[in-house]
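Here is the structure we will look at.
The values are calculated or read from the model by the stated rules, or taken from the named source; none is laboratory data. None of these values were measured; they are calculated from a predicted model. Here the Cβ positions follow ideal geometry from the backbone for every residue, glycine too, while neighbour counts run over all protein chains shown.
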Amino acid sequence: MCTLNELVRPVKCLSISAGLISMMVSMAQAQETEREDVVVTATRTAMPLSKIGSATTVITAEEIEREQAREVIDVLRKVPGLSITQTGSFGATTSIFMRGMNAYHTQLLIDGVEMADPSASQPSYDFGHLMVTDIERIEIVRGPQSTLYGGDAIGGVINIITKKGKGAPRSSVSAEYGSYNTKNLKASLSGAQQKLSYAVSASYLNTQGFSSADERNGNDEEDGAENLTVNASLGVDFNDNFSVETKLRHMRSEIENDNWPGSRAVDRNDNMRKLESSAYLGANLALFDKRLTNKVGVSYISSERDTYIGEARNSYFDGFKNKFEYQGNFKITDAQNIVFGAETEQEHTEQSGIDKKVRNNGYFAAYQIEAIENLILSGGARLDDHEKYGNFDTYRLTGSYTLEATDTRFHSSLGTGFRAPSLYELYESVWGGGNEDLEPEESRGWDFGVEQPLWDDRLLIDVTYFENKTKNLISWVGSGYVNVSKAESRGLEMGLSADILDNLSLSGTYTFTLAEDKSTGGTLARRPKHEGSLSIAYEPMDDLTTDLSVRAKGRTYDSATSSYMGGFAVYDFKTSYKINDVATVFGRVENILDKDYQEASSYGTGGRAAYVGVRASF
């Protein structure tokens, strides 16, 4: 149970932040700004963000470019409700904890394709391998989303949507060089001609890196990484009512890493090689004057991980998933809409001691209505038919209401979820830890938030309270997997943005999280109570941008060493200059103060680093 001091601290932080913004905004000139993001992930159909009940963040291509992001985690670190842990150098295993839930409770989609690795012990996506490659936008929906997306979405969904070809052919190239002998190259080509649209892109990273095992413990071996990622999409619009599209993605990476043979990570000559591929083919058909839209798709992913000690392969993990899905969207009236669908997917893993498959069928429907002006309600249900566990049902309710007098928007959601044990948890045999008697994990979560624009929409503040409860958590205890834990997380997340002047803006996030193992009363690992970020963007002249940012974490418990890691704050600076309509030069300094810190106990992080690059668009 949290203390009074722990509850008061985030309120003080919010009050100080609001007071600071109020003072700066009161000095600014009033200026009307209008921006309305359209979101597809929260409802599986295009909806204005202002009508979404779930807590949702949208990151645009422009924001990604200005951030000079190389890896997707570079932009996700500033999203409220997310805590990111990377175990070492470039490409090292990276987990995202959403609202205090486990990392495998967050589902990653890339263009609608589920990317979780079926061969993992507790299937999730390793974000350490995910490069920024021709991304149009990223949508992050927090809170239980199992009704629309199945068992892996207990905590929420991150959906990456890549760019589609449109208009005249366009191409871009960029090259970056910097610390740790890091080279990052990107190229893309896209366009559309008559009924055909196309887009292809590629990125390549090569770096010597730094020691994944913390250098402060006497480790100095550099752990390098290499990553090649290629995306391709092709679409054909046969007419206004019928189209087909295909999307392909391939990633090849090799990283050097340090293992944990004893009480902490140490230098070892270990490396991991990973191949990851995904493919999607879909067709879209609109009927009845486009009131009914239909989407049929088939997708396939494969993930092959090989670990090596020296040149000898130590283990392998191969995972495959194929999925067939149908989704319908029927616009009953201008104020009512229903989304419904069915899907069947099979997961398969081949690894030491395991060669198993399992199938799950899912059926869902969600109804949305603008009951009265500015009040949007939705309700949905799902039935999953699991090959081993039979039927499980989940539900989800959301609401959004805008009070016109003050433009105050209230948003809320409530949902349940379940996750069936993974093939590894059920059948692991190398260590004898598989347990075929495991029960599925079940969860319930809710949130309530208030979004308030102020000063002629120059300032926007969004504050959300959340709670999640999970039972039958699956953990490795002693010599195998068992259902032992009940977990609860609750907290507060805040986002703010302010246009101080025409050329000066500020944005910030803050998250307060209490994540507890209710079976033991202990704190869940790697979930800090306090985490936040603050960024100041300034454009001193046309075509010149500068950004100064800080991200901070409070003291964090790590179960690997049964100890707490100290809190930290890391400062970054970025700048770019548009030379002409074709060329832009950019550069950044990361960890300006050369702060020594840890995200995972005994694993190192990068020191002060500088990078410069050039980008050209034709």
(request) Return yes or no: is Y577 touching a Leu at 6+ places or on another chain (Cβ under 6 Å) and either small (G, A, S) or surrounded by 13 or more Cβ atoms within 10 Å (Cβ to Cβ) (or both)? (result) yes
(message) I need the full set of residues from the range 422-435 which are among the small types (G, A, S) and crowded, with 23+ Cβ neighbours inside 10 Å, in order please.
(response) S422
(message) Test of understanding: among R490, R419, which residue is crowded, with 21+ Cβ neighbours inside 10 Å and of a type in the set (K, R)?
(response) R419
(message) Out of the strands (runs of 3 or more DSSP E) lying entirely within the range 556-618, which hold 3 or more residues that are within 21 Å of A69 (Cα to Cα) and charged (D, E, K, R)?
(response) 568-578
(message) Being closer than 29 Å to L454 by Cα and among the acidic types (D, E): is that true of E590 here?
(response) no
(request) Output the residues belonging to the range 396-426 that are among the β-branched types (V, I, T) and assigned to a strand (DSSP E or B). (result) T398, T402, T408, T416
(request) Could you please let me know if T546 is of a type in the set (S, T, Y), part of a strand (DSSP E or B), under 21 Å from the mean Cα position of the chain (by Cα) and modelled with pLDDT of 95 or more? (result) no
(request) Assess whether S507 counts as being within 23 Å of the chain's Cα centre (by Cα) and farther than 20 Å from G491 by Cα. (result) yes
(message) List the residue pairs whose Cβ atoms are under 6 Å apart, where the first residue sits in the range 493-513 and is touching a residue at least 60 places away in the same chain (Cβ under 8 Å), the second is of a type in the set (D, E) and buried (at least 23 other Cβ atoms within 10 Å of the Cβ), and the two are 6 or more positions apart or on different chains.
(response) T511/E493; T511/E531
(message) On the basis of being modelled with pLDDT of 95 or more and under 28 Å from R66 (Cβ atoms), does S497 make the cut?
(response) yes
(request) Quick one: N219 ticks every box in (1) without any contact (Cβ under 8 Å) to a residue 60 or more places away in the chain; (2) in contact with an Asp or Glu (Cβ under 6 Å, 6 or more places away or on another chain) except a single one, so which number is it? (result) (1)
(message) Every residue in the range 500-535 that is assigned to a strand (DSSP E or B), among the charged types (D, E, K, R) and more than 12 Å from G554 (Cβ to Cβ), please.
(response) E516, D517
(message) Looking only at residues that are more than 16 Å from L496 (Cα to Cα), of a type in the set (A, V, I, L, M, F, W, C) and not in a helix (DSSP H, G or I) in the range 53-74, which one is farthest from the chain's Cα centre (by Cα)?
(response) A69
(request) Report whether or not Q107 is modelled with pLDDT under 95 and outside any helix (DSSP H, G or I). (result) no
(request) Give T511, T575 a once-over and let me know the one that is touching a Pro at 6+ places or on another chain (Cβ under 8 Å) and modelled with pLDDT of 95 or more. (result) T511
(request) Looking only at the range 100-113, decide whether some residue is touching an Asp or Glu at 6+ places or on another chain (Cβ under 6 Å), surrounded by 23 or more Cβ atoms within 10 Å (Cβ to Cβ) and under 24 Å from E350 (Cα atoms). (result) yes
(message) Quick test for you: out of L287, L275, pick the one residue that is more than 26 Å from A202 (Cβ to Cβ) and modelled with pLDDT of 95 or more.
(response) L287
(request) Name every residue in the range 137-179 that is hydroxyl-bearing (S, T, Y) and within 17 Å of the chain's Cα centre (by Cα), in order of residue number. (result) S146, Y149, T162
(request) Hand me the list of strands (runs of 3 or more DSSP E) wholly inside the range 302-395 holding 3 or more residues that are over 30 Å from M47 (Cβ atoms) and touching a residue at least 60 places away in the same chain (Cβ under 8 Å). (result) 312-333, 336-351, 354-372
(message) So in the range 180-195, with the set limited to residues that are crowded, with 17+ Cβ neighbours inside 10 Å and of a type in the set (S, T, N, Q), which one is nearest to A616 (Cα to Cα)?
(response) S188
(request) Could you tell me which numbered condition A116 fails, if it satisfies all but one of (1) hydrophobic (A, V, I, L, M, F, W, C); (2) in contact with a Ser or Thr (Cβ under 6 Å, 6 or more places away or on another chain); (3) assigned to a strand (DSSP E or B)? (result) (3)
(message) One residue is enough: does the range 158-168 have a residue meeting the conditions among the polar types (S, T, N, Q) and either surrounded by fewer than 19 Cβ atoms within 10 Å (Cβ to Cβ) or more than 25 Å from G235 (Cα to Cα) (or both)?
(response) no
(request) Residue by residue through the range 499-519, note down the ones that are buried (at least 23 other Cβ atoms within 10 Å of the Cβ) and among the hydrophobic types (A, V, I, L, M, F, W, C). (result) F512, A515
